[in-house]
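The values are calculated or read from the model by the stated rules, or taken from the named source; none is laboratory data. If you're wondering where the values come from, they're calculated on a predicted model, not measured in any experiment. Note: ideal-geometry Cβ built from the backbone for every residue, glycine included; neighbour counts use all protein chains shown. The area values use the complete protein model at the heavy-atom level, side chains included, leaving out ligands, DNA and RNA. Shrake-Rupley method; radii C 1.70, N 1.55, O 1.52, S 1.80 Å.
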Amino acid sequence: MPALVASWDQSGILLFPRRGKRRAEKGATEVPGIAADDKRALTIDFALTADGQVVPPQVIFEGTTDRCHPADAFDFEKDGWQIRHSCNHWSNTDLALEYLESIEQHFHQQKIRLGVSGMAELTATSKAEL
């Protein structure tokens with residue numbers, strides 16, 4: 001059943017790609033730029049099912065409190081996105097397990113929709129082996 005098969009990956013996203021050119025309105029006296037060492041980034045975990053459904057992603061910002069989240073994070077969380085943070089914007093075991101739980105919830109909803117029961121679930125033991 002393609003709805004119950006998923007591929008999960010993560011990708012680092014550089015928020016301010018560096019290029020040699022800057023843009024501004026014609027005649028501008030100042031052209032703001034980004035420092036060459038500005039490496040602000042985030043990580044996105046995402047999963048897709050074999051039938052093309054998208055599991056809402058987990059977006060990880062760099063920081064130690066919720067203050068590092070964007071102001072409109074609540075709007076995304078209403079749609080199932082997980083807005084999280086870590087000290088270096090990287091995923092860690094706790095965040096990965098939290099996202100795995102959201103994939104499991106997605107599968108549970110799909111099983112209900114498809115009328116499928118009795119299929120094996122990931123257990124705490126199998127999660128610990130990941």
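For this structure, a couple of remarks:
- Checked against the criterion of being at pLDDT 90 or above and open to solvent by less than 60 Å² (accessible area, probe 1.4 Å), the stretch 33-42 has at least one qualifying residue.
- Residue under evaluation Lys26, criteria (1) over 23 Å from Ala6 (Cβ atoms); (2) of a type in the set (Lys, Arg); (3) modelled with pLDDT under 85, criterion not met: (3)
- Test: residue in the stretch 65-75 that is surrounded by 11 or more Cβ atoms within 10 Å (Cβ to Cβ), under 15 Å from the mean Cα position of the chain (by Cα) and within 20 Å of Leu100 (Cα to Cα): no
- Cβ pairs under 8 Å, 6+ apart, first in the stretch 42-66 and in contact (Cβ under 8 Å) with a residue 60 or more places away in the chain, second open to solvent by less than 50 Å² (accessible area, probe 1.4 Å) and in a strand (DSSP E or B): Thr49/Ala6; Thr49/Val55
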